[in-house]
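Have a look at the structure below before the remarks.
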Amino acid sequence: ITRFTCVAHILSKVWPMAATLELVNAVNWWAKKDSKLNALEHDFLLIKIDKDCDSLQMAGHFSAFNPSAIQTQFHIGLLQAFNNVVVEMLPLVNLSLPPKISALVDGVRSSSGLIFWKSKEKIWESALGETCIGDGGDNRPKVNLDVVAAQKLVMEARVDSKARLSLFGQLYRQLINKGNDIFKVGVHQRAYRAVYVGMRSTDAGGPYRDSIEKISKELLSGVLPLFCKCPNGRIGMGDNREGWVPRYSATKPLELNLFQFLGKMMGLAIRSKNVMSLNLPPIVWKQLIGSPITDLDVAAIDSLFLSQVKSLENQWDDGKEDSTVRYSFSSKMRGQFFVVQACDGTDCELVP
């Protein structure tokens, strides 16, 4: 535990965290590119960083930090030391515990972005295998999907507020009462048989995969009342300009049920490896797994909001007199109210 804490602390101090996370992603990509290679083998990573360092320069935060090859190699060494500790410790950590119960569990969650995929793959695959129930065979439910009605909805730029015309809504209506076990399939297995109405389609895999792809596009298009573009995307500045976030105002019973159904579809995609293309920023994924939210996560979806908050915080610098602080704060807050605009433009009253 002491080694884990010390190395995690060093990693958080020597480099900007955003650059470190991009380096971890690069390590995972190298290991995935060649399945025979182990991300924890130090000599291999030193060789790969010399060969593929140019690909890292394409990463925005890494490129801005601009470390030398030697600095990058040293940082990979720190990441490897951290991951070697994690490999020993993970089997002993109960990740099902809620936040603030175990400092160790909270530490692992907050450092999840620093853990190589190789370090957690075995535990992940074991958990999926133990909970696999559906066989993806002939007992799969048949789902009739009206693609023409869904396309007309998109062309007319209408919102399927009742979840009846979009493909996602049609799928929800036909699977909502089928139970959860149909989603617990194995790799490359299918949870349902997709039939496109009026197209004489036979689902040998093509319509099923196509329906997953079309549903992913619907979710991030405004056709459904669940997601909206993040503020950075609407104002054209900062990171994740193409990212989408859940609508703050999507709290109606049907909308909450649709979010729950989306969670089942995401679980299905993870299990079957029939991926859903969802461009959701880190702040969304972190809340799903209970990881703490940082200023970096907020800036990644709304950099303007964070800069305004930091501007207010800076009014209380130690070098300023109280009268100066009060005057500066009053001038900045003149005409302001204790509300904040959510990502979907809804005014949200601040909690005292």
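The values are calculated or read from the model by the stated rules, or taken from the named source; none is laboratory data. Remember, it's a predicted structure, so these values are computed and weren't measured experimentally. Positions of Cβ are backbone-derived with ideal geometry, glycine not excepted, and every protein chain shown enters the neighbour counts. Surface accessibility is based on the protein's heavy atoms, side chains included, excluding ligands, DNA and RNA. Shrake-Rupley method; radii C 1.70, N 1.55, O 1.52, S 1.80 Å.
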(request) Kindly list the residues of region 267-308 that lie in the label zone of Arg234, defined by a backbone N under 12 Å from the point 7 Å along the Cα-to-C-beta vector. (result) 302, 305
(request) List the residues whose amide H sits under 5 Å from the amide H of Asn274, counting only those 5 or more places along or on another chain, with H placed 1.01 Å from N in the peptide plane. (result) His188
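How charged is the neighbourhood of Ile301? Take every other residue with its Cβ under 14 Å from the Cβ of Ile301, and add Lys/Arg as +1 and Asp/Glu as -1. Write out the running numbers ahead of the final one.
Working: positive: Lys229, Arg234, Arg241, Arg247, Lys286; negative: Asp239, Glu242, Asp295, Asp297, Asp302, Asp344.
Computed value for this residue: -1.
With every protein chain kept in the model, how would you rank Ile293, Ile212 by accessible area, 1.4 Å probe, largest at the top?
Values: Ile293 75, Ile212 10 Å².
Output order, biggest surface exposure first: Ile293, Ile212.
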(request) Mind ranking 68-79, 218-229, 143-154 by how tightly packed they are, going by the mean number of other C-beta atoms within 10 angstrom, highest first? (result) 218-229, 143-154, 68-79
(request) Extending each Cα 7 Å along its Cβ direction at Glu242 and Cys6, get the distance between those two points in nm, one decimal. (result) 4.3
(request) Please list, in chain and number order, the residues 5+ apart from Leu145 or on another chain whose amide H is under 5 Å from its amide H, with Hs placed from the backbone. (result) Val195, Tyr196, Val197
(request) Enumerate the amide H contacts of Gln341 below 5 Å, restricted to partners 5 or more residues apart or on another chain; note that Pro and chain-start residues carry no placed amide H. (result) Cys348
(request) Determine the distance separating the Cα centre of region 230-285 from the Cα centre of region 112-190; give it in Å without decimals. (result) 14
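For Ser307 and Asn279, calculate 0.36 nm times their separation in residues minus their Cα-Cα distance, and state this gained length in nm to one decimal.
Fully extending the segment from Ser307 to Asn279 adds 7.7 nm.
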(request) Evaluate the distance, in nm, between pseudo-label points positioned 7 Å from the Cα of Met155 and of Leu97 along their respective Cα→Cβ axes. (result) 5.7
(request) Pull out the extension gain between Val298 and Met89, defined as 0.36 nm times the separation in residues minus the alpha carbon to alpha carbon distance; nm, one decimal. (result) 72.2 nm
(request) Excluding Asn232 itself, calculate the net charge of residues whose Cβ lies under 13 Å from the Cβ of Asn232, where each Lys or Arg counts +1 and each Asp or Glu counts -1. (result) -1
(message) Checking the a/c ratio against 1.5 first, then a/b against b/c, what shape does the Cα gyration tensor give for region 104-250?
(response) oblate
